[in-house]
Amino acid sequence: MQVTQTSLAGVLILEPRRFGDSRGFFSESWNRKTLREAGVELPEFVQDNHSMSSTVGTLRGLHFQSPPHAQGKLVRCGRGRLFDVAVDIRK
C-alpha cells in the first residue's frame, strides 16, 4: 500500500495495490498491520459505509465528532472521481 502524507496533519492518502487477472482485480483497501509497518497509527476502525451518488456534482458530508465519539474516516471512490475536502478546526 502506498501511504502519502498531506500538508494537513492526520490526513493521509492511501493507495492500495491492485492485483489483476482475466476475472478483474483484487485490492486490499484496509490492513492494520500493513499500515502500522508503514508508520501509520490510525484510530480504531469501527464502521464501514458505502454510498453511491447517481448525479454528477452530488455533495455529501462527513461531520465533526469530538472525543470520546471521534472516529477516523476512510473515504474511497469505487468508480468515477471525487473531490474530498478536509478542514482543520483544531486550535
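In table form, for the structure just shown:
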| quantity | calculated |
| --- | --- |
| Close pairs (7 angstrom Cβ cut-off, 6 or more residues apart or separate chains): under 24 Å from MET52 (Cβ atoms) in segment 75-91, hydroxyl-bearing (Ser, Thr, Tyr) anywhere | ARG76/SER29 |
| Residues that are within 18 Å of GLU15 (Cβ to Cβ) and open to solvent by 100 Å² or more (accessible area, probe 1.4 Å), drawn from segment 29-49 | ARG32, LYS33, ARG36, GLU37 |
| Segment 64-90 - residue that is open to solvent by 100 Å² or more (accessible area, probe 1.4 Å) and farther than 20 Å from THR6 by Cβ and, of those, nearest to the chain's Cα centre (by Cα) | ARG79 |
| Enumeration of residues in segment 1-28 that are within 17 Å of ASP84 (Cβ to Cβ), open to solvent by 70 Å² or more (accessible area, probe 1.4 Å) and in contact with a Ser or Thr (Cβ under 9 Å, 6 or more places away or on another chain) | ILE13, GLU15 |
| Filter result (closer than 14 Å to ARG76 by Cα and either in contact with an Asp or Glu (Cβ under 8 Å, 6 or more places away or on another chain) or open to solvent by 100 Å² or more (accessible area, probe 1.4 Å) (or both)) within segment 50-62 | HIS50, MET52, ARG60, LEU62 |
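The values are calculated or read from the model by the stated rules, or taken from the named source; none is laboratory data. None of these values were measured; they are calculated from a predicted model. Positions of Cβ are backbone-derived with ideal geometry, glycine not excepted, and every protein chain shown enters the neighbour counts. Surface accessibility is based on the protein's heavy atoms, side chains included, excluding ligands, DNA and RNA. Shrake-Rupley method; radii C 1.70, N 1.55, O 1.52, S 1.80 Å.
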